[in-house]
Amino acid sequence: MIVHAHPLLQGPLRPGWQLSTVDAIKASEKHSCVAGPFGSSISSKFFVEAGVPIIRGSNLSMSLDRFICKDFAFISKDTADKFTAQTVSANDLVFTCWGTIGQVGIIPANGPFKSYVISNKQLKLRVNCKIVDPLYAYYFFACPETVQYIRDRAIGSAVPGINLGILKALPVLVPPPEEQRRIISILGAYDDLIEVNRQRVALLEDMARGLFEEWFVRFRFPGHEAVAIVDTADGPLPEGWAWKTIGDVTSYVNRGLAPKYDETSSSLVINQKCIRDQRLSFQHARKQSKAVPADKVLRPGDILINSTGVGTLGRVAQAEEVSEGLTVDSHVTIVRPLFEADRDFLGMQLLRLQPLFEDMGTGATGQTELSRSAVSALSITWPTQKFREAFGKQARPIRTLVSTLMDANARLAASRDLLLPRLISGQLSVADAERELQEAA
């Protein structure tokens with residue numbers, strides 16, 4: 001029996017389970033396990049507005065998002081036809097082989113496209129479905145222990161990578177088909193609950209954005225028919241409204257602190273990686289031990305803006321619930337509403353202005369900064385208190401429910417992530433896992 005350093009494969013195998021390799025579970029057909037196109041053969045000069053999508057690193061993750069269906073580049077069908085070996089479709093697995101090693105995805109059966117072409121930084125795997133279910137294989141390779149095992153075998157120093165030989169040699173634990181299906185059912189149940197909540201969150205966020213734009217962009221607020229639109233130096237506004245700077249309507253606009261990272265501390269510090277898709281995530285937050293000045297301790301309703309570098313600069317999120325002592329680092333700007341009643345109005349206003357913040361950075365490439373003075377000086381529409389408060393009364397329940405659903409998803413994901421390695425390794429029986437799922441549901 002071959003002994004592997006894979007942490008999931010250290011104990012004795014459960015009855016009926018087998019230890020195999022990627023090479024042994026790949027489909028028998030030609031091109032079932034191949035590397036992406038050579039070099040720059042599908043570089044940006046071949047991109048078109050619409051056609052066959054190219055899978056890139058942004059479409060894969062290491063956080064059990066099976067496939068990220070957005071931000072595709074496209075090549076023409078004629079160009080794609082030259083890469084039939086690198087074409088993937090439903091249930092094929094895709095691995096990042098250079099750069100962010102450990103990323104893996106599985107092509108969804110429900111679209112949005114029938115087929116894709118992998119990039120030159122990816123590897124394709126089509127499994128033999130008589131041996132292993134594709135979704136079971138995805139869970140095995142997406143398990144953090146497998147991700148680390150793959151990363152430990154990377155070659156290269158400046159840019160780590162894996163080649164086709166490394167992929168084919170990876171060990172795979174293969175349960176009997178019925179147990180594979182039950183494992184998929186358990187883990188998929190968590191994913192399904194998470195996805196339902198995600199869809200609800202998206203609908204609720206669209207509702208809040210739609211309400212804001214109807215009232216404060218199109219000026220179709222309750223009773224708008226009786227309010228005159230007047231010309232101002234900065235543009236037309238309903239009578240009684242004004243243009244104000246962000247500095248005028250906030251109590252605090254400042255960067256966070258330079259943290260002293262300490263994994264033994266209980267204080268968390270938010271960094272730019274925590275602000276994405278206009279949401280605040282604690283996945284990449286780090287522990288730090290430096291004393292936090294009172295004004296830099298985050299409060300519910302604080303608006304956070306990434307303010308350094310390229311790529312993440314200008315991203316906006318708003319804090320809903322905050323833990324004791326939570327703060328941000330010096331690359332993030334805190335914008336604090338002057339009045340609690342303006343929390344939702346100002347938050348929605350600044351979230352809507354994210355594209356503008358992204359373009360406001362100054363400085364040399366790689367050292368781009370969004371200064372607090374530039375943020376403070378930015379002019380925004382400022383309705384009368386009556387409409388700001390009325391908006392808050394309608395938006396607050398919607399946004400509170402969004403926060404509740406996102407917290408529920410965080411708990412579901414944490415439960416799934418704890419369950420995954422125990423289930424995939426056979427340390428936890430399927431029956432016990434099914435009982436845990438019933439309790440979580």
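Quick notes
- Positions within the stretch 377-389 being surrounded by fewer than 19 Cβ atoms within 10 Å (Cβ to Cβ) and either within 23 Å of the chain's Cα centre (by Cα) or without any contact (Cβ under 8 Å) to a residue 60 or more places away in the chain (or both), in sequence order: Gln385, Lys386, Glu389
- Scanning the stretch 164-207 for residues that are over 27 Å from Val22 (Cα atoms) and of a type in the set (Lys, Arg) returns Arg198, Arg200.
- In the stretch 114-137, the residue that is surrounded by the fewest Cβ atoms within 10 Å (Cβ to Cβ) out of those that are over 10 Å from Val88 (Cβ atoms) and polar (S, T, N, Q) is Asn128.
- Subset of the stretch 217-234 (residues that are within 41 Å of the chain's Cα centre (by Cα), under 17 Å from Lys386 (Cβ atoms) and open to solvent by less than 60 Å² (accessible area, probe 1.4 Å)): Phe219, Phe221, Gly223, His224
- Near pairs, Cβ below 8 angstrom, 6+ apart or cross-chain, from the stretch 361-376 (more than 23 Å from Thr245 (Cα to Cα)) to any residue that is modelled with pLDDT of 85 or more and open to solvent by 70 Å² or more (accessible area, probe 1.4 Å): none
- Selection within the stretch 24-45 - touching a strand residue (DSSP E or B) at 6+ places or on another chain (Cβ under 7 Å) and of a type in the set (D, E, K, R): Lys26
- The residues of the stretch 235-247 that are free of Cβ contacts under 8 Å to residues at least 24 places away in the same chain and open to solvent by 50 Å² or more (accessible area, probe 1.4 Å), listed by number, are Pro236, Glu239.
- With respect to (1) among the acidic types (Asp, Glu); (2) within 23 Å of Asp295 (Cβ to Cβ); (3) open to solvent by 20 Å² or more (accessible area, probe 1.4 Å), the lone exception for Asp359 is condition (2).
- Residue satisfying all of: in the stretch 325-353; open to solvent by 30 Å² or more (accessible area, probe 1.4 Å) and not hydrophobic (A, V, I, L, M, F, W, C); nearest to Leu211 (Cα to Cα) among these: Arg352
- Only one entry of Ser32, Ser40, Ser61 meets the criterion of being hydroxyl-bearing (Ser, Thr, Tyr) and open to solvent by 20 Å² or more (accessible area, probe 1.4 Å), and that entry is Ser40.
The values are calculated or read from the model by the stated rules, or taken from the named source; none is laboratory data. All figures in this text were calculated on a predicted structure; none of them were measured in a lab. Positions of Cβ are generated from backbone atoms using ideal geometry, with glycine treated the same way; all protein chains shown enter the neighbour counts. Calculation scope for accessible area: heavy atoms of the full protein, side chains included, ligands and nucleic acids excluded. Shrake-Rupley method; radii C 1.70, N 1.55, O 1.52, S 1.80 Å.
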